[in-house]
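Notes for the one structure printed next.
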Amino acid sequence: MGIISTILGMIGFGMGFSAGLVAGYFLLIYCLPNDVKDPEVRPLVEQSSEFLQTLMPEIPLWIKNPDYDRAICKTVKQIAEPIIAEQIPKYKIESVEFEQLTLGGLPPTFQGMKVYSTEEKELMMELGLKWAGTPNILVAVKAFGLKATAQVIDFQVFASPRITLKPLVPSFPCFANIFVSLMEKPHVDFGVKLLGADAMSIPGAYRVVQEIIKDQVANMYLWPKRLEVQIMDPIKAMQRPVGLLNVKVVRAMNLQKKDFLGSSDPYVKLQLHDDRIQSKQTTVKRNNLNPEWNEEFTLIVKDPQVQDLVLTMYDWEKVGSHDKMGLNVVHLKELTPEEPRVMTLDVLKNLNPDDAQNDKSRGQIVVEVNYKPYDEAALASNVGAGEVEKAPEGTPEGGGVLVVTVHEADDLEGKHHTNPSAHVHFRGELRKTKRLRKNRDPRWEEEFQFVLSEPPTNDRIHVEVTSSSKRMGGLRNPKETLGYVDIHLGDVVNNKRINERYNLIDSKNGRIQIEMQWRTAT
């Protein structure tokens with residue numbers, strides 16, 4: 001019986017499995033939709049910006065969002081039009097105008113990037129740029145009363161730009177200016193359609209146009225010349241602090257109930273107007289309409305005549321954004337320096353004095369503020385830090401003062417001892433820093449001045465780091481060289497100031513930081 005039941009079970013399984021497959025097949029066929037349409041095939045240029053973003057995320061931003069294309073092209077026009085206007089009189093051309101300018105659908109590629117570390121407040125990088133694009137450039141040229149339209153095609157650019165973001169500042173976008181220079185003459189290749197024919201196919205025209213473009217671009221932007229694009233006012237961005245504002249958030253009273261169930265969970269956010277970096281915040285007081293904090297904060301003040309202390313109160317929420325309960329301001333120009341002042345402020349809906357919503361009571365906040373300006377002598381010593389001063393009276397006419405500051409060195413290593421001292425050799429004169437015993441990373445911060453009758457454009461300065469020992473064990477090797485560097489002074493004269501860290505020759509890993517200034521009377 002066991003064998004028969006086993007056989008019958010296998011037969012039943014086989015029949016059931018087969019019947020299931022057949023039923024599933026017919027269900028699949030009958031359940032398939034019969035209203036399937038052929039996919040719509042359209043060129044990419046006809047697709048919407050949203051569709052392109054989901055389909056091809058790697059395409060250029062100016063294709064995904066036309067605003068990028070318009071912004072970049074507008075910037076290109078603003079840069080190119082003054083240059084063209086300056087050059088066309090040489091060729092008897094009345095005007096050159098852009099009728100159409102778009103970037104096309106191919107992005108530029110960067111073959112590499114090199115970032116330089118300097119001792120200045122800047123970010124310097126060099127790029128290997130290649131762009132073989134398909135831009136649409138249509139230019140109208142007027143000359144001798146006639147107008148001709150030329151189209152630029154097959155545009156290619158190979159360049160090595162150096163981009164410097166300087167100075168770096170503590171407010172967004174974290175730099176005030178962009179400086180762009182070319183480290184070598186760029187390669188620019190393109191065709192020009194004029195009256196339906198390629199003008200670059202004329203014998204000799206291609207080479208002549210190439211050389212003219214290279215020379216003109218090199219004359220304007222080849223290093224050390226550069227294009228400057230101002231992002232923000234560097235004076236405002238680099239404005240130095242003039243004092244400190246001590247703020248003590250004491251308490252709040254009679255606040256509004258914000259939560260549907262319960263009261264409110266208030267906290268206060270403090271910041272100076274137009275300065276989000278220094279934003280401070282108190283702790284959260286749960287279920288309290290009369291919270292007491294007694295918390296102290298310190299903010300850096302740059303301009304007390306303009307800046308205001310903004311106090312904004314929020315109701316903390318576990319989920320979602322925090323509800324704004326109200327705000328008020330303290331005008332710093334109304335504070336007496338070095339005099340603490342306790343203020344009771346109304347919590348307002350907004351800062352519009354004519355808004356009727358501010359008549360409704362939202363509670364009060366008590367704060368204690370004390371503005372402490374910096375000492376005037378300290379401010380005077382810091383003014384112009386990083387800038388070049390004028391030479392003192394009595395400096396030879398046409399000459400100036402070369403100021404050499406030896407800041408520090410690192411990773412020095414002597415064979416027998418490491419007691420470093422820096423020796424500055426210039427035009428037969430020798431100046432020495434103090435000797436620091438047993439120090440591989442010395443910091444000298446010593447300044448030397450050389451009064452010169454003419455700029456040292458073709459001179460160089462020799463800085464040598466030596467180690468000496470006066471102990472009995474060092475009699476066999478009383479002095480040894482830890483490394484040296486020769487610095488050409490042409491860049492110092494041209495730039496007025498350089499501050500670099502140099503690798504020491506004849507040293508394994510040693511480096512030295514030297515700042516040099518060329519001060520003139522004018």
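The values are calculated or read from the model by the stated rules, or taken from the named source; none is laboratory data. These numbers come from a predicted model, not from an experiment. Methodologically, a virtual Cβ is constructed for each residue, glycine included, from the backbone with ideal geometry; neighbour enumeration extends over all protein chains shown. Surface accessibility is based on the protein's heavy atoms, side chains included, excluding ligands, DNA and RNA. Shrake-Rupley method; radii C 1.70, N 1.55, O 1.52, S 1.80 Å.
Accessible area, 1.4 Å probe, largest first: how do Met15, Met220 sort? If you can, show how the numbers build up before the last one.
Numbers: Met15 130, Met220 55 Å².
The ordering from most to least exposed comes out as Met15, Met220.
Quick one: order Arg226, Arg497 from most to least accessible surface, probe 1.4 Å. Spell out each step's value before the answer.
Values: Arg226 125, Arg497 50 Å².
So the residues, ranked largest to smallest area, are Arg226, Arg497.
Taking H placed 1.01 Å from N in the peptide plane, check which residues at least 5 places from Ile153 or on another chain put their amide H under 5 Å from its amide H.
Placed amide hydrogens put Gly191, Val192, Lys193 under 5 Å from Ile153.
What is the gain in length, in nm to one decimal, between Glu338 and Leu351 on full extension, counting 0.36 nm per residue of separation less the C-alpha to C-alpha distance?
Values: separation 13, 0.36 × 13 = 4.68 nm, distance 2.74 nm.
Full extension of this stretch gives 1.9 nm more.
Under unit Cβ charges (Lys, Arg +1; Asp, Glu -1), what dipole magnitude, rounded to 20 debye, does segment 323-374 have relative to its Cα centre?
Values: 7 positive and 9 negative charges, 26 e Å.
That gives segment 323-374 a dipole magnitude of about 120 debye.
Applying 1/(1 + (r/R0)^6) with R0 = 22 Å to the Cβ-Cβ distance of Val152 and Ile88, what FRET efficiency is obtained, to the nearest 0.05?
Working: r = 16 Å, r/R0 = 0.74.
That pair, Val152 with Ile88, gives E of 0.85.
Using a 1.4 angstrom probe and counting only protein chains, how large is the accessible area of Phe98 in Å², to 10?
Counting only protein heavy atoms, Phe98 exposes about 50 Å² to solvent.
Roughly how many Å² of Lys185 are accessible to a 1.4 Å probe, to the nearest 10?
100
Checking the cross-link filter: which lysines have an alpha carbon closer than 24 Å to that of Lys90, excluding same-chain neighbours under 8 positions apart?
Within the straight-line cut-off, Lys90 pairs with Lys77, Lys142, Lys147, Lys185, Lys193, Lys214, Lys225.
Sort segment 116-155 into rounded, prolate or oblate with this rule: let a ≥ b ≥ c be the square roots of the eigenvalues of the Cα gyration tensor; rounded if a/c is under 1.5, and if a/c is not under 1.5, prolate when a/b is larger than b/c, oblate otherwise.
On the way: a/c = 6.67, a/b = 2.48, b/c = 2.69.
Oblate shape, in that a/c is at least 1.5 and b/c is the bigger or equal ratio.
Decide, for segment 399-485, between rounded, prolate and oblate: order the square roots of the alpha carbon gyration tensor eigenvalues as a ≥ b ≥ c, take rounded if a/c falls under 1.5, and otherwise choose prolate if a/b is larger than b/c, else oblate.
Numbers: a/c = 2.71, a/b = 2.25, b/c = 1.21.
Prolate, since a/c reaches 1.5 and a/b exceeds b/c.
What does the net charge come to around Glu339 if you take all other residues with beta carbon closer than 13 Å to its beta carbon, with K and R at +1 and D and E at -1?
On the way: positive: Arg341, Lys372; negative: Glu334, Glu338, Glu368.
That works out to -1.
Taking the Cα centre of segment 409-522 as the origin and placing charges on Cβ (Lys, Arg +1; Asp, Glu -1), which of Thr433, Thr418, Asn495 is farthest toward the positive end of the dipole?
Highest projection toward the positive end goes to Thr418.
Based on the mean of other beta carbon atoms within 10 Å per residue, what is the order of 316-327, 457-468, most packed first?
Ranking the peptides 316-327, 457-468 by packing returns 457-468, 316-327.
Determine the order of Trp223, Trp518 by accessible area, beginning with the largest, at a probe radius of 1.4 Å. Present the calculation step by step, with values, prior to reporting the outcome.
On the way: Trp223 115, Trp518 5 Å².
Sorted by accessible area, descending: Trp223, Trp518.
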